[in-house]
Structure formats: structure tokens, C-alpha cells
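The values are calculated or read from the model by the stated rules, or taken from the named source; none is laboratory data. Bear in mind the structure is a predicted one, so any value in this text is a computation, not a measurement. Heads up, the Cβs are rebuilt from the backbone with ideal geometry, glycines too, and the neighbour counts pull from every protein chain shown. In case anyone asks, the SASA skips ligands and DNA or RNA and just uses the protein heavy atoms, side chains included. Shrake-Rupley method; radii C 1.70, N 1.55, O 1.52, S 1.80 Å.
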Amino acid sequence: MKTIEIQTDNEEILEAFKKLAMVLKVNFSEKEIIKKDSNPSPSSDPYFDHPKNLAEIDAGIADLNEGRIVKLDRNERKKLLQ
């Protein structure tokens, strides 16, 4: 068995290939490819590919910038964790 991979953002081309696959009665599958340049991680960590994770990071940064975060030094953290 062999496979063919087609990469395009053009919906018309994708639909044409889907129709061709159906006419020829061959299996096909689709997968979304996330562009690496959209991932802010230098190592392309997949954690950063998920919009929910990025939204939580943005919310944390907003909390920090708006003073809703309490910063503790090492000794304060140590006291809280004892």
C-alpha cells in the first residue's frame, strides 16, 4: 500500500481531491498541520500549539500586569509550604 500527501490551504483544491478519492473509491484522511512559526517555543513544544494553553498564559500575564498577583520571595514561599 502507498500513500500520497497533499499540503494546501486552498479549499477548492482540497474538495477536488476529496471528490476524486470518492470517485476512485480510495481511502483518504485529513489532518491539520500547525505552522511551526506560530509556536512561540524555541523547541516547538506542542503545549504551545493549543489555544487554551496560550489563553491561560495570557490571562496570567494580564493578572500580573493589573496587580492581581502576589509575588512571594523564597522565604515567604518556604513558610507557606511548611
Looking at (1) surrounded by fewer than 10 Cβ atoms within 10 Å (Cβ to Cβ); (2) in a loop (DSSP other than H, G, I, E, B), which is the only condition Ile69 fails? (1)
Based on what the data block shows, is Glu32 at negative phi, in a helix (DSSP H, G or I) and open to solvent by 100 Å² or more (accessible area, probe 1.4 Å)? no
Pairs returned, first residue in segment 26-52 that is farther than 26 Å from Ile4 by Cβ, second residue that is open to solvent by less than 80 Å² (accessible area, probe 1.4 Å) and modelled with pLDDT of 85 or more, beta-carbon separation under 7 angstrom, 6 or more apart or interchain, are Asn39/Phe48; Pro40/Phe48; Ser41/Phe48; Tyr47/Asn53; Phe48/Leu54
Can you go through Leu80, Leu64 and tell me which one is aliphatic (A, V, I, L, M), more than 10 Å from the chain's Cα centre (by Cα), open to solvent by 100 Å² or more (accessible area, probe 1.4 Å) and modelled with pLDDT of 85 or more? Leu80
Given the criterion of a type in the set (Gly, Ala, Ser), surrounded by 11 or more Cβ atoms within 10 Å (Cβ to Cβ) and modelled with pLDDT of 90 or more, identify the matching residue among Ala55, Ala16. Ala16
